[in-house]
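Notes follow the structure.
The values are calculated or read from the model by the stated rules, or taken from the named source; none is laboratory data. Quick caveat, the model's predicted, so the values are computed rather than measured. Glycine also receives a Cβ, built like all others from the backbone with ideal geometry; neighbour counts cover every protein chain displayed.
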Amino acid sequence: MAIPDTWSEVAKICIAAQSGVDVPFEAITETVDIDIGDKDFDVISTLSGGRLVKFSPQEPTTITLEAYPVAAGTEGLASATAGTGFFDLMNTLDNTQPIVVLADRTRTKYRMCIMWTDANVDAEAQVIAPTNFATRVVAADGYFTSVKPSFTDGVLKFTVTFKVPPFDSSGTAYVKVESVGGATTATLTALASYTSTVKY
Amino acid sequence: MKYKVTNPLEQTVKCGKLVFAPKETKVLEFAPEGFNIEKIEQTEQLKNLKGGNK
């Protein structure tokens with residue numbers, strides 16, 4: 001298959017709860033913005049006129065979605081085949097209709113992955129080159145920090161923010177960006193089932 | 001018909017007014033979505049789930 005000029009128009013998105021399946025959300029999502037945490041630094045000016053670099057710890061990564069759900073949450077997120085809402089991701093899941101999401105102090109970890117590919121697979125799936133190409137961003141153990149509905153344009157749009165630090169307390173990465181493509185055979189492996197001990 | 005209903009997730013999940021702790025199992029008379037469901041057809045199985053005849 002020819003190398004794609006760009007990744008455009010479509011993308012795959014999935015969100016998984018710990019010990020749940022990867023649930024596709026692309027059917028209700030319009031835009032994705034991935035703000036990979038900066039690895040910034042400050043500059044110290046010395047009396048000799050020189051400059052010293054003082055590195056700043058990497059910032060959290062933030063993924064923002066603009067989406068058009070028509071429900072408060074997803075019924076049975078643990079095994080759902082499509083995501084239908086976001087309020088439950090920031091609070092406590094409700095598996096039964098009517099879905100009732102109460103504001104609470106629950107903070108729950110999720111994994112989000114976004115993949116651009118010319119293969120007909122979901123975001124968490126395997127892609128094999130040279131048959132197909134793919135680029136994937138995975139962020140595990142993140143939290144939904146913001147779910148903001150708006151009706152300004154006459155359509156109910158949700159702006160959803162998912163935030164994840166770069167590392168866990170042991171320094172193991174929470175974020176990975178990967179791709180596969182080219183002339184030789186190579187495999188972008190499917191993500192492992194997400195649990196409290198397996199990130200991806 | 002009764003069902004052994006298990007929350008598969010590592011987080012608290014509501015099912016109407018019922019609240020399931022992570023990985024918690026309850027015996028219910030209905031089978032809600034998003035849970036691991038096991039039918040309990042034998043009276044003996046139900047007794048075992050409740051800790052047997054004591």
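Looking at (1) touching a Lys or Arg at 6+ places or on another chain (Cβ under 7 Å); (2) crowded, with 19+ Cβ neighbours inside 10 Å; (3) farther than 18 Å from A:ALA190 by Cα, find the lone condition where A:VAL138 falls short.
So A:VAL138 meets the others, but not (3).
Somewhere in segment A:17-34, is a residue more than 13 Å from A:PHE158 (Cβ to Cβ), among the polar types (S, T, N, Q) and surrounded by 11 or more Cβ atoms within 10 Å (Cβ to Cβ)?
Among the residues of segment A:17-34, at least one is more than 13 Å from A:PHE158 (Cβ to Cβ), among the polar types (S, T, N, Q) and surrounded by 11 or more Cβ atoms within 10 Å (Cβ to Cβ), which makes the answer yes.
Can you pull out every residue in segment A:144-165 that is out of contact with any strand residue (DSSP E or B) (no Cβ under 6 Å at 6 or more places or on another chain) and closer than 18 Å to A:THR195 by Cα?
A:PRO165
Please specify each residue of segment A:94-143 satisfying the condition of being within 11 Å of chain B (Cβ to nearest Cβ) and of a type in the set (D, E, K, R).
Across segment A:94-143, the qualifying residues are A:ASP94, A:ASP104, A:ARG107, A:LYS109.
Which one of these is free of Cβ contacts under 8 Å to residues at least 24 places away in the same chain and either more than 24 Å from A:ASP88 (Cα to Cα) or of a type outside the set (S, T, N, Q) (or both): A:VAL198, A:VAL147, A:VAL180?
A:VAL198
Hey, can you tell me all the residues within segment B:2-23 that are at the interface with chain A (Cβ under 9 Å from one of its Cβ atoms) and among the aromatic types (Phe, Trp, Tyr)?
B:PHE20
Are any residues in segment A:77-93 more than 10 Å from chain B (Cβ to nearest Cβ) and among the hydrophobic types (A, V, I, L, M, F, W, C), and if so, which ones?
A:ALA82, A:PHE86, A:PHE87, A:LEU89, A:MET90
Looking at the structure I just gave you, is A:PHE86 surrounded by fewer than 18 Cβ atoms within 10 Å (Cβ to Cβ), modelled with pLDDT of 95 or more, among the hydrophobic types (A, V, I, L, M, F, W, C) and at negative phi?
The answer is no for A:PHE86.
Determine whether A:VAL101 is within 19 Å of the chain's Cα centre (by Cα) and closer than 25 Å to A:TYR68 by Cβ.
No; evaluated as a whole, the condition is false for this residue.
Only one of (1) buried (at least 21 other Cβ atoms within 10 Å of the Cβ); (2) out of contact with any Gly (no Cβ under 9 Å at 6 or more places or on another chain); (3) closer than 30 Å to B:GLU24 by Cα is not met by A:LEU102, so which one is it?
The one condition A:LEU102 does not meet is (1).
Among the residues in segment B:24-34, are any within 14 Å of chain A (Cβ to nearest Cβ), within 22 Å of A:VAL198 (Cβ to Cβ), at pLDDT below 95 and assigned to a strand (DSSP E or B)?
For segment B:24-34, residues within 14 Å of chain A (Cβ to nearest Cβ), within 22 Å of A:VAL198 (Cβ to Cβ), at pLDDT below 95 and assigned to a strand (DSSP E or B): absent.
Return the residue satisfying two criteria in turn: it lies in segment A:5-30 and is β-branched (Val, Ile, Thr) and in contact with a Ser or Thr (Cβ under 8 Å, 6 or more places away or on another chain), and of such residues it is farthest from B:LEU9 (Cα to Cα).
Among those residues, the one meeting the criterion is A:ILE28.
Being of a type outside the set (A, V, I, L, M) and in a strand (DSSP E or B) is the filter here, so list the residues in segment A:161-193 that pass it.
A:THR161, A:PHE162, A:LYS163, A:PHE167, A:LYS176, A:GLU178, A:SER179, A:THR187
Would you point out the residue of segment A:172-188, among those that are more than 17 Å from the chain's Cα centre (by Cα) and polar (S, T, N, Q), that is modelled with the lowest pLDDT?
Restricting to residues being more than 17 Å from the chain's Cα centre (by Cα) and polar (S, T, N, Q), the top hit is A:THR184.
Looking at A:ALA17 and the list (1) within 14 Å of chain B (Cβ to nearest Cβ); (2) over 28 Å from A:ALA173 (Cα atoms), which single condition is not satisfied?
Failed condition: (2).
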